[in-house]
Amino acid sequence: ELILQRSFNLTQAETRLALAMAQGRTVSDYADTQNVTIGTARVQLKSVMRKTGTHRQAELVSFLVKLSRGLPPRE
């Protein structure tokens, strides 16, 4: 978690969202469990994608899963 946060300069909230996405959770589910609005969660998601250089949710999830497995994320 800390490595992800520091590597991409993510906030704690962005890191929690990224980890939730990597675990297969939806943005809506994340918003419900974190007691934030879906709008707030979407803003955080856009920020995570910008910081990681991804452009779609599926690309972000793939990127995060590869990172968690120690694989190069851009192959």
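What order do you get for 13-19, 38-44 when each peptide is scored by the mean count of other beta carbon atoms within 10 Å, highest first? Don't skip to the answer; put the middle values down first.
Values: 13-19: 20.7, 38-44: 15.6.
Going by the mean number of other Cβ atoms within 10 Å, highest first, we get 13-19, 38-44.
Helix 38-52 versus the longest principal axis of the chain: what is the Cα-based angle in degrees, 0 to 90, to the nearest 10?
Relative to the chain, helix 38-52 is tipped by roughly 20 degrees.
Take the solvent-accessible surface of the protein heavy atoms, probe 1.4 Å, and return the percent of it on the chain that carbon and sulfur atoms account for. Write down the numbers at each step before the final one.
Values: 2470 of 4800 Å².
Carbon and sulfur: 52 percent of the exposed surface of the chain.
Taking Cα extents along the principal axes in Å as the quantity of interest, determine which of (1) 42, 23, 19; (2) 52, 25, 18; (3) 34, 22, 18 was computed from the displayed structure.
(3)
The values are calculated or read from the model by the stated rules, or taken from the named source; none is laboratory data. In this text, all values refer to a predicted model and were calculated from it rather than measured experimentally. Note that we place each Cβ from the backbone using ideal geometry, even for glycine, and neighbour counts take in every protein chain shown. We work out accessible area using only protein heavy atoms, side chains counted, and drop any ligands, DNA or RNA first. Shrake-Rupley method; radii C 1.70, N 1.55, O 1.52, S 1.80 Å.
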